[in-house]
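Each remark here refers to the structure printed beneath this line.
The values are calculated or read from the model by the stated rules, or taken from the named source; none is laboratory data. Please read these numbers as outputs of a predicted model, since none were measured by experiment. Positions of Cβ are generated from backbone atoms using ideal geometry, with glycine treated the same way; all protein chains shown enter the neighbour counts.
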Amino acid sequence: MKNKTDKEILELAAKAARHSGIQLLIVYWGSKELERYDFYLEKTRKLWNPSADDGDSRRLQEALKIDLVWNYIKECWNASGFHGAGWIEVDDSDPKRAVLLVAATIGENL
């Protein structure tokens with residue numbers, strides 16, 4: 001997931017989760033664009049952002065069968081999931097980000 005923007009990572013994760021009919025909402029504060037992207041799911045009429053919402057992250061983790069374990073040696077979260085290409089492992093200090101990166105990798109391989 002090197003050299004990918006947050007927007008691209010969210011798009012790939014949405015692809016892996018098989019969300020269709022999504023619209024990107026870019027959040028503005030006054031005239032300044034904020035560094036946060038949300039997706040609006042037309043089917044459920046809800047916002048979806050697993051990088052910011054614990055519930056969305058957990059549902060994404062369950063849908064894709066992603067394991068999340070605290071690594072005491074590296075002091076970070078280790079997320080892993082299986083895809084046709086094999087095991088995908090990611091280390092990150094934020095558990096939501098770790099799940100999101102594994103999901104994005106799965107989406108990239110679809």
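Taking residues in the range 60-77 that are closer than 23 Å to Ala13 by Cα and in contact (Cβ under 8 Å) with a residue 24 or more places away in the chain, and partners anywhere that are assigned to a strand (DSSP E or B) and among the polar types (S, T, N, Q), the pairs with Cβ atoms closer than 9 Å and at least 6 places apart or on different chains are Ile66/Ser80; Leu68/Asn78; Leu68/Ser80.
Give the residue that is surrounded by the most Cβ atoms within 10 Å (Cβ to Cβ), with candidates limited to residues of the range 15-39 that are at pLDDT 75 or above and not aliphatic (A, V, I, L, M). Talk me through it step by step, then tell me what you get.
Going residue by residue through the range 15-39, those that are at pLDDT 75 or above are 15-19, 39.
Checking which are not aliphatic (A, V, I, L, M) leaves us with 15, 18-19, 39.
Values: Lys15: 18, Arg18: 10, His19: 18, Phe39: 22.
The extreme case among them is Phe39.
Screening the range 40-70 for residues that are assigned to a strand (DSSP E or B) and out of contact with any Gly (no Cβ under 8 Å at 6 or more places or on another chain) and picking the one that is surrounded by the most Cβ atoms within 10 Å (Cβ to Cβ) gives Trp48. Just one of the numbered conditions (1) crowded, with 19+ Cβ neighbours inside 10 Å; (2) over 13 Å from the mean Cα position of the chain (by Cα) is not true of Leu110: (1).
Quick one: would you say Leu12 is at pLDDT 85 or above, surrounded by 15 or more Cβ atoms within 10 Å (Cβ to Cβ) and not small (Gly, Ala, Ser)? It is true that Leu12 is at pLDDT 85 or above, surrounded by 15 or more Cβ atoms within 10 Å (Cβ to Cβ) and not small (Gly, Ala, Ser). The requirement of being surrounded by fewer than 16 Cβ atoms within 10 Å (Cβ to Cβ), within 13 Å of Leu12 (Cα to Cα) and either polar (S, T, N, Q) or at pLDDT 90 or above (or both) is fulfilled nowhere in the range 86-103; no residue meets it.
For first residues located in the range 90-110 and of a type in the set (Lys, Arg), partners that are at pLDDT below 90 and surrounded by fewer than 18 Cβ atoms within 10 Å (Cβ to Cβ) and lie 6+ apart or on another chain with Cβ distances below 9 Å form the pairs Lys96/Ala52.
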